[in-house]
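Everything on this sheet refers to the single structure shown next.
The values are calculated or read from the model by the stated rules, or taken from the named source; none is laboratory data. Small disclaimer: the values here were computed from a predicted structure and weren't measured. Cβ coordinates were reconstructed from backbone atoms using ideal geometry, including for glycine residues, and neighbour counts include every protein chain displayed. Just so you know, the surface numbers come from the protein's heavy atoms only, side chains and all, with ligands and any DNA or RNA stripped out. Shrake-Rupley method; radii C 1.70, N 1.55, O 1.52, S 1.80 Å.
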Amino acid sequence: MSLSLPQIVPATPEWIAEAGRRLAAGELVAFPTETVYGLGGDATNDKAVAAIFAAKQRPSFNPLISHLPDLDSAAPLVELDERARRLAAAFWPGPLTMVLPRRRESAASLLASAGLDSIAVRVPGHPVAQALLRAAGRPIAAPSANRSGEVSPTTARHVAQSLGANVSLILDGGPCRVGIESTVIDLTGPQAALLRPGGIAREEIEALLGPLLTAAENPDAPKSPGQLLSHYAPHLPVRLNAAEPAPGEALLAFGPAQGTLNLSPGGDLAEAAANLFAMLRRLDRPDFTGIAVMPIPNHGLGLGINDRLKRAAAPRA
Ligand code: TXA
Ligand code: MG
């Protein structure tokens, strides 16, 4: 591992302004959000969007989220219905992404939405992301700033390790508070559907919109192709619902238990989500034979945590 990671810069107003200029010029910039670090590019610039896919080595059929500083700036891209406005009022800025019908006059690159007639939009809450989006003055396409299939980055250093030379600048805003990606809700059909569990609990959204379909119950909806089965994967094999480690395995504990690392000794799901990706990375070392993970309750943020763990444990492609 390289000791000097020169492209990491502190998220000062000067560097944020510089990052905004680079985005406007079509370059890629990594930046912190409250969920994970994003690899940003101008969502209206086909070349910038293509560079994102290339840097991540991401299958180009997988659409990207357009990031905006507020609801008003999303309005020219997508059709906002009453449900979208209610969710935005409750959860934006914050870890919620909405998939909405693309407006005919939308400036977003078709490549960003992978040719679908919908666009995913999100207004992140992190102050650095907010300042950067305002500086850039355009929608910013930003997947998690890691190679496709790898564990998502929750620090600037993770980004440098995963993408290194492929990014012109990494704004360092410290570790991400939420730690798992945004919840993705599909509002293109008559009934709202949960495409990806994440930083806002399903229960909180259902309290506003009523029961959500899950992707499996919603065959008409465009698939969320990011939901490839093997994803978020460390190099070591991952074993779920472990009571204790087998010889050689690291134990990722949850609750009052002795593990190699513990996601949350007090059993707090928000703390566990914030620690998840960083701890998987720390345990992903050749002196272990695998990573055993204790059971995580499947409610609240636990739904998103278990989704990521299931993919980390899935057979590799
Ligand atoms: O928290 C997050 O959402 C982070 C930060 C950087 O904002 N971003 C992120 O982006 O996780 P990404 O590209 O890793 O995941 C985007 C997800 C994928 O599952 C993708 O398939 C889905 O959103 N998605 C994007 N546009 C879509 C669309 N038009 N229809 C259906 N799913 C879409
Ligand atoms: Mg990702």
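Taken over region 177-192, residues that are assigned to a loop (DSSP other than H, G, I, E, B) and either more than 8 Å from ligand 1 (Cβ to nearest atom) or open to solvent by less than 20 Å² (accessible area, probe 1.4 Å) (or both) amount to 11.
Report, by residue number, each residue of region 114-128 that is in a loop (DSSP other than H, G, I, E, B), within 16 Å of ligand 2 (Cβ to nearest atom) and open to solvent by less than 20 Å² (accessible area, probe 1.4 Å). Matches in region 114-128: Pro124 only.
Here His231 clears all of (1) closer than 17 Å to Gly304 by Cβ; (2) more than 16 Å from ligand 1 (Cβ to nearest atom); (3) open to solvent by less than 70 Å² (accessible area, probe 1.4 Å) except the condition numbered (2). None of Ala160, Ala131 is outside any loop (DSSP other than H, G, I, E, B), away from ligand 2 (no atom under 16 Å from the Cβ) and open to solvent by 20 Å² or more (accessible area, probe 1.4 Å) except Ala131.
Filtering region 11-32 to residues that are open to solvent by less than 10 Å² (accessible area, probe 1.4 Å) and out of contact with any Ser or Thr (no Cβ under 8 Å at 6 or more places or on another chain) leaves Ala19, Gly20, Leu23, Ala30, Phe31, Pro32.
With a requirement of 2 or more residues that are in contact with a Gly (Cβ under 7 Å, 6 or more places away or on another chain) and touching a residue at least 60 places away in the same chain (Cβ under 8 Å), the strands (runs of 3 or more DSSP E) lying completely within region 1-101 that satisfy it span 29-32.
Among the residues of region 258-302, which ones are open to solvent by 40 Å² or more (accessible area, probe 1.4 Å), in contact (Cβ under 8 Å) with a residue 24 or more places away in the chain and in contact with a Ser or Thr (Cβ under 9 Å, 6 or more places away or on another chain)? Correct list: Ala270, Asn275, Arg281. Within region 137-157, the set of residues being surrounded by fewer than 24 Cβ atoms within 10 Å (Cβ to Cβ) and of a type in the set (Gly, Ala, Ser) comprises Gly137, Ser148, Gly149.
Of the residues Ala74, Ala89, the single one that is surrounded by fewer than 20 Cβ atoms within 10 Å (Cβ to Cβ) and of a type outside the set (D, E, K, R) is Ala89.
Total residues in region 107-145 satisfying the condition of being among the polar types (S, T, N, Q), within 29 Å of Ala312 (Cβ to Cβ) and modelled with pLDDT of 95 or more: the figure is 2. The number of residues in region 163-176 that are open to solvent by less than 20 Å² (accessible area, probe 1.4 Å) and over 15 Å from the mean Cα position of the chain (by Cα) comes to 6. Being under 14 Å from Ala136 (Cα atoms) and more than 8 Å from ligand 1 (Cβ to nearest atom) is the filter here, so list the residues in region 56-75 that pass it. Within region 56-75, Ser66, Leu68, Pro69, Asp70, Ser73 qualify.
Ser106 meets the conditions (1) surrounded by 17 or more Cβ atoms within 10 Å (Cβ to Cβ); (2) out of contact with any helix residue (DSSP H, G or I) (no Cβ under 9 Å at 6 or more places or on another chain); (3) touching a residue at least 60 places away in the same chain (Cβ under 8 Å); (4) assigned to a loop (DSSP other than H, G, I, E, B) in every case but one. The failed one is (3).
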